[in-house]
1. Over the range 34-94, what is the mean sequence separation of C-alpha contacts under 8 Å (at least six apart), divided by residue count, expressed as relative contact order in percent?
2. Once ligands and nucleic acids are excluded and a 1.4 Å probe is used, how much of Ser279 is accessible, expressed in Å² to the nearest 10?
3. Between Trp19, Trp98, Trp231, where does the largest GNM mean-square fluctuation fall for the chain, given springs only between Cα atoms within less than 10 Å?
4. Could you identify which residue out of Thr127, Thr285, Thr305 has the top mean-square fluctuation in a GNM of the chain using Cα springs shorter than 10 Å?
5. I'd like the distance separating the alpha-carbon centroids of the range 100-175 and the range 247-276, in whole Å.
6. Mind telling me which of Ala108, Ala159, Ala53 comes out most flexible in a GNM of the chain, alpha-carbon contacts under 10 Å?
7. Find the accessible area per residue for the chain; the probe is 1.4 Å, ligands and nucleic acids are left out, and the unit is Å².
8. Using heavy-atom solvent-accessible surface (probe 1.4 Å) with all chains present, what is the largest-first order of Val59, Val128, Val208?
Amino acid sequence: MSDPRLRRRRTPLVVAAAWLLVVLAVEFAAVLGIERLPVLAGLVGPRTAATVALVVLGVVLLVAGGLIARFRLALILLAAASLLGAACSVPVMLARGWSDDRPAAAQAGSLRVLSWNINFNLVSPDTVARLAAREHADIVVLPEIPALDADNRYVPAFAAAGMPVRSYPALSDYPAETFVLVRKDIGSYSATVGHSSDPDRSTALTPVTAGLPTIVAIHAAQPSLRDNPQWRSDLTWVEQRCTNPNTIAVGDFNATLDSFGADHLGGCTDGAARRHSASVGTWPTRLPAWAGMPLDHVLTGTGWTTLSFTIIRSEDGSGARHRPILAVVAPAR
(Lines give C-alpha, C1' and ligand atoms only; values in the text may rest on other atoms or scores of the structure.)
Protein backbone atom coordinates (compact mmCIF):
# COMPACT_ATOMS: atom_id res chain seq x y z
CA MET A 1 0.00 0.00 0.00
CA SER A 2 1.45 3.37 -1.01
CA ASP A 3 2.15 5.98 1.61
CA PRO A 4 -0.43 8.85 1.38
CA ARG A 5 2.27 11.33 2.41
CA LEU A 6 4.46 10.17 -0.48
CA ARG A 7 1.55 10.58 -2.90
CA ARG A 8 0.99 14.10 -1.62
CA ARG A 9 4.64 14.93 -2.24
CA ARG A 10 4.59 13.44 -5.72
CA THR A 11 1.37 15.06 -6.89
CA PRO A 12 2.80 18.61 -7.25
CA LEU A 13 5.76 17.21 -9.20
CA VAL A 14 3.50 15.21 -11.54
CA VAL A 15 1.15 18.16 -12.15
CA ALA A 16 4.04 20.57 -12.77
CA ALA A 17 5.78 18.09 -15.08
CA ALA A 18 2.56 17.58 -17.07
CA TRP A 19 2.07 21.36 -17.39
CA LEU A 20 5.69 21.81 -18.47
CA LEU A 21 5.26 19.14 -21.16
CA VAL A 22 2.17 20.90 -22.51
CA VAL A 23 3.95 24.28 -22.57
CA LEU A 24 7.06 22.87 -24.25
CA ALA A 25 5.01 20.85 -26.77
CA VAL A 26 3.33 24.07 -27.91
CA GLU A 27 6.58 26.05 -27.81
CA PHE A 28 8.59 23.52 -29.82
CA ALA A 29 5.77 22.11 -31.97
CA ALA A 30 7.56 23.06 -35.20
CA VAL A 31 10.78 21.39 -34.08
CA LEU A 32 8.82 18.23 -33.29
CA GLY A 33 6.88 18.42 -36.56
CA ILE A 34 3.49 18.48 -34.81
CA GLU A 35 2.50 22.11 -35.45
CA ARG A 36 -0.41 21.23 -37.77
CA LEU A 37 -1.98 18.48 -35.69
CA PRO A 38 -5.54 19.01 -34.39
CA VAL A 39 -5.70 21.03 -31.15
CA LEU A 40 -2.00 21.98 -31.33
CA ALA A 41 -2.65 23.82 -34.61
CA GLY A 42 -4.96 26.17 -32.74
CA LEU A 43 -2.53 26.70 -29.88
CA VAL A 44 0.71 27.51 -31.69
CA GLY A 45 -0.62 30.58 -33.50
CA PRO A 46 -1.13 33.24 -30.79
CA ARG A 47 2.54 33.26 -29.69
CA THR A 48 2.65 36.82 -28.36
CA ALA A 49 -0.63 36.61 -26.46
CA ALA A 50 0.32 33.18 -25.09
CA THR A 51 3.71 34.47 -23.95
CA VAL A 52 2.13 37.40 -22.11
CA ALA A 53 -0.43 35.04 -20.57
CA LEU A 54 2.33 32.69 -19.37
CA VAL A 55 4.20 35.57 -17.74
CA VAL A 56 1.07 36.82 -15.98
CA LEU A 57 0.14 33.29 -14.91
CA GLY A 58 3.67 32.66 -13.64
CA VAL A 59 3.69 35.81 -11.55
CA VAL A 60 0.22 35.10 -10.12
CA LEU A 61 1.23 31.56 -9.22
CA LEU A 62 4.41 32.79 -7.53
CA VAL A 63 2.46 35.28 -5.44
CA ALA A 64 -0.10 32.63 -4.57
CA GLY A 65 2.70 30.24 -3.62
CA GLY A 66 4.06 32.80 -1.21
CA LEU A 67 0.66 33.21 0.42
CA ILE A 68 -0.69 29.66 0.52
CA ALA A 69 1.71 27.42 2.42
CA ARG A 70 -0.28 24.23 1.87
CA PHE A 71 0.12 24.34 -1.92
CA ARG A 72 3.38 26.28 -2.05
CA LEU A 73 5.47 23.62 -3.80
CA ALA A 74 2.85 22.91 -6.47
CA LEU A 75 2.25 26.59 -7.17
CA ILE A 76 5.94 27.45 -7.39
CA LEU A 77 6.62 24.52 -9.74
CA LEU A 78 3.70 25.51 -11.98
CA ALA A 79 4.95 29.09 -11.97
CA ALA A 80 8.45 27.95 -12.94
CA ALA A 81 7.06 25.88 -15.84
CA SER A 82 5.00 28.86 -17.08
CA LEU A 83 7.89 31.31 -16.88
CA LEU A 84 10.23 28.83 -18.58
CA GLY A 85 7.79 28.57 -21.49
CA ALA A 86 7.62 32.36 -21.77
CA ALA A 87 11.41 32.62 -21.62
CA CYS A 88 11.72 30.19 -24.53
CA SER A 89 9.25 32.20 -26.60
CA VAL A 90 10.72 35.69 -26.16
CA PRO A 91 13.84 35.14 -28.33
CA VAL A 92 11.64 33.79 -31.14
CA MET A 93 9.43 36.88 -31.08
CA LEU A 94 12.42 39.20 -30.99
CA ALA A 95 14.04 37.41 -33.92
CA ARG A 96 10.88 37.71 -36.01
CA GLY A 97 10.62 41.38 -35.18
CA TRP A 98 8.11 44.22 -34.91
CA SER A 99 9.47 46.42 -37.68
CA ASP A 100 7.04 48.19 -39.98
CA ASP A 101 8.45 49.26 -43.34
CA ARG A 102 7.52 52.32 -45.29
CA PRO A 103 6.59 51.05 -48.76
CA ALA A 104 9.72 50.77 -50.89
CA ALA A 105 10.27 53.04 -53.86
CA ALA A 106 9.46 51.61 -57.26
CA GLN A 107 12.23 49.95 -59.21
CA ALA A 108 12.42 48.06 -62.49
CA GLY A 109 9.84 45.28 -62.51
CA SER A 110 8.60 45.91 -58.97
CA LEU A 111 4.95 45.36 -58.01
CA ARG A 112 2.87 46.60 -55.08
CA VAL A 113 0.71 43.78 -53.72
CA LEU A 114 -2.15 44.61 -51.34
CA SER A 115 -4.20 42.02 -49.44
CA TRP A 116 -7.15 42.68 -47.17
CA ASN A 117 -9.63 40.23 -45.70
CA ILE A 118 -12.75 42.32 -45.11
CA ASN A 119 -14.88 39.34 -43.99
CA PHE A 120 -17.36 39.61 -46.83
CA ASN A 121 -18.86 43.08 -46.37
CA LEU A 122 -17.51 44.65 -43.17
CA VAL A 123 -15.89 47.29 -45.39
CA SER A 124 -17.43 48.82 -48.50
CA PRO A 125 -15.93 48.35 -51.99
CA ASP A 126 -15.39 52.12 -52.14
CA THR A 127 -13.22 52.01 -49.00
CA VAL A 128 -11.14 49.14 -50.39
CA ALA A 129 -10.74 50.93 -53.72
CA ARG A 130 -9.68 54.20 -52.10
CA LEU A 131 -7.05 52.39 -50.02
CA ALA A 132 -5.72 50.53 -53.06
CA ALA A 133 -5.52 53.75 -55.06
CA ARG A 134 -3.82 55.60 -52.20
CA GLU A 135 -1.21 52.85 -51.88
CA HIS A 136 -0.76 52.65 -55.68
CA ALA A 137 -1.42 48.90 -55.58
CA ASP A 138 -0.84 46.89 -58.73
CA ILE A 139 -2.42 43.66 -57.47
CA VAL A 140 -5.17 43.46 -54.84
CA VAL A 141 -6.11 40.17 -53.19
CA LEU A 142 -9.50 40.03 -51.47
CA PRO A 143 -9.63 36.66 -49.69
CA GLU A 144 -13.25 36.87 -48.58
CA ILE A 145 -15.88 38.87 -50.44
CA PRO A 146 -19.42 37.83 -51.42
CA ALA A 147 -19.53 35.46 -54.40
CA LEU A 148 -20.11 37.21 -57.73
CA ASP A 149 -19.41 40.62 -56.15
CA ALA A 150 -16.04 41.35 -57.75
CA ASP A 151 -17.31 42.52 -61.15
CA ASN A 152 -20.66 43.82 -59.90
CA ARG A 153 -19.34 46.17 -57.20
CA TYR A 154 -15.57 46.15 -56.89
CA VAL A 155 -14.56 46.74 -60.50
CA PRO A 156 -16.79 49.86 -60.76
CA ALA A 157 -15.55 51.11 -57.37
CA PHE A 158 -11.92 50.75 -58.46
CA ALA A 159 -12.67 52.51 -61.74
CA ALA A 160 -14.26 55.40 -59.81
CA ALA A 161 -11.11 55.62 -57.68
CA GLY A 162 -9.01 56.05 -60.83
CA MET A 163 -7.67 52.49 -60.83
CA PRO A 164 -9.19 50.38 -63.64
CA VAL A 165 -8.79 46.67 -62.84
CA ARG A 166 -9.64 43.23 -64.13
CA SER A 167 -11.19 40.70 -61.75
CA TYR A 168 -9.97 37.11 -61.49
CA PRO A 169 -11.88 34.89 -61.60
CA ALA A 170 -14.27 36.84 -63.82
CA LEU A 171 -17.93 37.15 -62.95
CA SER A 172 -19.67 33.83 -63.58
CA ASP A 173 -21.96 31.34 -61.97
CA TYR A 174 -18.96 29.75 -60.27
CA PRO A 175 -19.33 30.29 -56.50
CA ALA A 176 -16.05 31.86 -55.40
CA GLU A 177 -15.18 34.26 -52.60
CA THR A 178 -11.43 34.80 -53.12
CA PHE A 179 -10.71 37.31 -55.88
CA VAL A 180 -7.67 39.06 -57.31
CA LEU A 181 -7.98 42.50 -58.88
CA VAL A 182 -5.17 43.43 -61.26
CA ARG A 183 -4.53 46.87 -62.70
CA LYS A 184 -5.27 46.77 -66.40
CA ASP A 185 -2.12 48.62 -67.39
CA ILE A 186 0.29 46.01 -65.99
CA GLY A 187 -1.04 43.08 -68.03
CA SER A 188 -3.42 40.16 -67.86
CA TYR A 189 -3.80 36.69 -66.38
CA SER A 190 -5.76 33.50 -66.77
CA ALA A 191 -7.34 32.14 -63.58
CA THR A 192 -7.74 28.59 -62.31
CA VAL A 193 -10.12 27.80 -59.47
CA GLY A 194 -11.35 24.58 -57.95
CA HIS A 195 -8.90 23.64 -55.18
CA SER A 196 -11.03 24.25 -52.12
CA SER A 197 -14.61 23.42 -51.23
CA ASP A 198 -17.67 25.31 -52.36
CA PRO A 199 -17.56 28.33 -52.44
CA ASP A 200 -13.98 28.36 -53.67
CA ARG A 201 -11.58 30.18 -51.35
CA SER A 202 -8.53 30.00 -53.60
CA THR A 203 -7.43 30.94 -57.07
CA ALA A 204 -4.23 30.58 -59.07
CA LEU A 205 -3.39 33.17 -61.72
CA THR A 206 -1.07 32.28 -64.59
CA PRO A 207 0.42 35.33 -66.35
CA VAL A 208 -0.51 35.95 -69.96
CA THR A 209 1.73 39.01 -70.03
CA ALA A 210 5.46 38.29 -69.85
CA GLY A 211 7.31 39.48 -66.75
CA LEU A 212 4.42 39.04 -64.32
CA PRO A 213 4.52 36.52 -61.45
CA THR A 214 2.15 33.63 -60.94
CA ILE A 215 -0.31 34.66 -58.21
CA VAL A 216 -1.63 32.13 -55.71
CA ALA A 217 -4.44 33.63 -53.63
CA ILE A 218 -5.86 31.82 -50.64
CA HIS A 219 -8.29 32.12 -47.78
CA ALA A 220 -7.35 29.04 -45.80
CA ALA A 221 -9.78 27.24 -43.56
CA GLN A 222 -9.45 27.71 -39.81
CA PRO A 223 -7.34 25.15 -37.91
CA SER A 224 -10.29 24.06 -35.77
CA LEU A 225 -10.96 20.40 -35.00
CA ARG A 226 -13.59 20.19 -37.73
CA ASP A 227 -11.70 22.18 -40.37
CA ASN A 228 -8.15 21.06 -39.61
CA PRO A 229 -7.97 18.62 -42.58
CA GLN A 230 -9.06 21.34 -45.04
CA TRP A 231 -6.66 23.85 -43.45
CA ARG A 232 -3.74 21.46 -43.83
CA SER A 233 -4.83 20.77 -47.41
CA ASP A 234 -4.86 24.52 -48.12
CA LEU A 235 -1.31 24.99 -46.82
CA THR A 236 -0.13 21.94 -48.75
CA TRP A 237 -1.73 23.32 -51.92
CA VAL A 238 0.25 26.54 -51.52
CA GLU A 239 3.44 24.58 -50.82
CA GLN A 240 2.95 22.65 -54.05
CA ARG A 241 2.41 25.86 -56.05
CA CYS A 242 5.55 27.32 -54.50
CA THR A 243 7.75 24.85 -56.35
CA ASN A 244 7.46 27.40 -59.17
CA PRO A 245 10.08 30.12 -58.46
CA ASN A 246 7.89 32.70 -60.21
CA THR A 247 5.14 32.35 -57.58
CA ILE A 248 3.81 34.97 -55.19
CA ALA A 249 1.37 33.53 -52.64
CA VAL A 250 -0.98 36.01 -50.96
CA GLY A 251 -3.94 36.07 -48.64
CA ASP A 252 -5.35 35.04 -45.28
CA PHE A 253 -3.64 31.77 -44.37
CA ASN A 254 -5.20 31.50 -40.90
CA ALA A 255 -1.66 30.55 -39.97
CA THR A 256 1.45 32.11 -38.48
CA LEU A 257 5.08 31.16 -39.01
CA ASP A 258 4.60 28.67 -36.18
CA SER A 259 1.93 26.97 -38.30
CA PHE A 260 4.24 26.98 -41.32
CA GLY A 261 6.95 25.42 -39.18
CA ALA A 262 9.53 27.84 -40.62
CA ASP A 263 9.85 31.27 -42.23
CA HIS A 264 8.76 29.80 -45.54
CA LEU A 265 6.04 27.61 -47.03
CA GLY A 266 7.55 25.24 -49.52
CA GLY A 267 9.77 27.28 -51.81
CA CYS A 268 8.14 30.62 -50.93
CA THR A 269 9.67 32.89 -48.27
CA ASP A 270 7.45 34.92 -45.97
CA GLY A 271 7.76 38.64 -46.74
CA ALA A 272 7.18 39.73 -43.14
CA ALA A 273 9.90 37.37 -41.90
CA ARG A 274 12.30 38.70 -44.53
CA ARG A 275 11.57 42.27 -43.45
CA HIS A 276 11.77 41.54 -39.70
CA SER A 277 8.08 42.22 -39.01
CA ALA A 278 6.69 38.71 -38.53
CA SER A 279 5.63 39.35 -34.92
CA VAL A 280 3.25 42.17 -35.90
CA GLY A 281 -0.39 41.04 -35.79
CA THR A 282 -2.77 41.48 -38.70
CA TRP A 283 -5.74 40.09 -36.72
CA PRO A 284 -7.77 41.13 -34.81
CA THR A 285 -7.90 44.90 -35.20
CA ARG A 286 -9.41 45.25 -31.72
CA LEU A 287 -6.02 44.30 -30.24
CA PRO A 288 -2.82 46.32 -30.58
CA ALA A 289 -0.75 45.09 -33.49
CA TRP A 290 2.01 43.85 -31.16
CA ALA A 291 -0.46 41.53 -29.42
CA GLY A 292 -2.28 40.13 -32.45
CA MET A 293 -1.66 37.19 -34.77
CA PRO A 294 0.07 37.59 -38.17
CA LEU A 295 -2.42 35.54 -40.20
CA ASP A 296 -2.13 37.46 -43.48
CA HIS A 297 0.92 36.90 -45.65
CA VAL A 298 2.73 37.66 -48.87
CA LEU A 299 5.24 34.95 -49.76
CA THR A 300 7.63 35.04 -52.70
CA GLY A 301 9.20 32.24 -54.69
CA THR A 302 12.93 32.28 -55.33
CA GLY A 303 12.44 34.33 -58.50
CA TRP A 304 11.11 37.28 -56.49
CA THR A 305 12.13 39.17 -53.36
CA THR A 306 10.28 41.37 -50.86
CA LEU A 307 11.59 44.96 -50.77
CA SER A 308 9.20 46.09 -48.05
CA PHE A 309 6.32 44.72 -45.97
CA THR A 310 3.84 47.10 -44.37
CA ILE A 311 0.97 46.33 -41.99
CA ILE A 312 -1.51 49.17 -42.57
CA ARG A 313 -3.00 50.31 -39.28
CA SER A 314 -4.86 53.35 -40.56
CA GLU A 315 -7.92 51.17 -41.29
CA ASP A 316 -8.30 49.76 -37.77
CA GLY A 317 -11.47 51.81 -37.32
CA SER A 318 -13.01 50.74 -40.63
CA GLY A 319 -14.95 47.84 -39.13
CA ALA A 320 -12.65 45.17 -40.60
CA ARG A 321 -11.27 42.45 -38.35
CA HIS A 322 -8.05 42.12 -40.35
CA ARG A 323 -5.45 44.77 -41.10
CA PRO A 324 -4.51 45.28 -44.74
CA ILE A 325 -0.97 44.35 -45.74
CA LEU A 326 1.13 45.83 -48.53
CA ALA A 327 4.25 44.20 -49.93
CA VAL A 328 6.51 45.71 -52.55
CA VAL A 329 8.10 42.83 -54.46
CA ALA A 330 10.61 42.76 -57.30
CA PRO A 331 12.37 40.17 -59.45
CA ALA A 332 15.31 38.63 -57.60
CA ARG A 333 18.69 39.76 -58.89
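1. Dividing the mean separation by the residue count of the range 34-94 yields 35 percent.
2. Solvent-accessible area, nearest 10 Å²: 10 Å².
3. Largest GNM mean-square fluctuation: Trp19.
4. Judging by the Gaussian network model, the answer is Thr127.
5. One Cα centre to the other: 21 Å.
6. Fluctuation is largest for Ala108.
7. Details: 14790 Å² over 333 residues.
Solvent-accessible surface per residue comes out at 44 Å².
8. Numbers: Val59 75, Val128 0, Val208 100 Å².
Order by accessible area, largest first: Val208, Val59, Val128.
The values are calculated or read from the model by the stated rules, or taken from the named source; none is laboratory data. Everything numeric here is computed off the predicted structure, so don't read it as measured data. Virtual Cβ from ideal backbone geometry, glycine too; neighbours counted across all protein chains shown. Side chains are part of the model used for accessible areas, which takes the heavy atoms of the whole protein and leaves out ligands, DNA and RNA. Shrake-Rupley method; radii C 1.70, N 1.55, O 1.52, S 1.80 Å.
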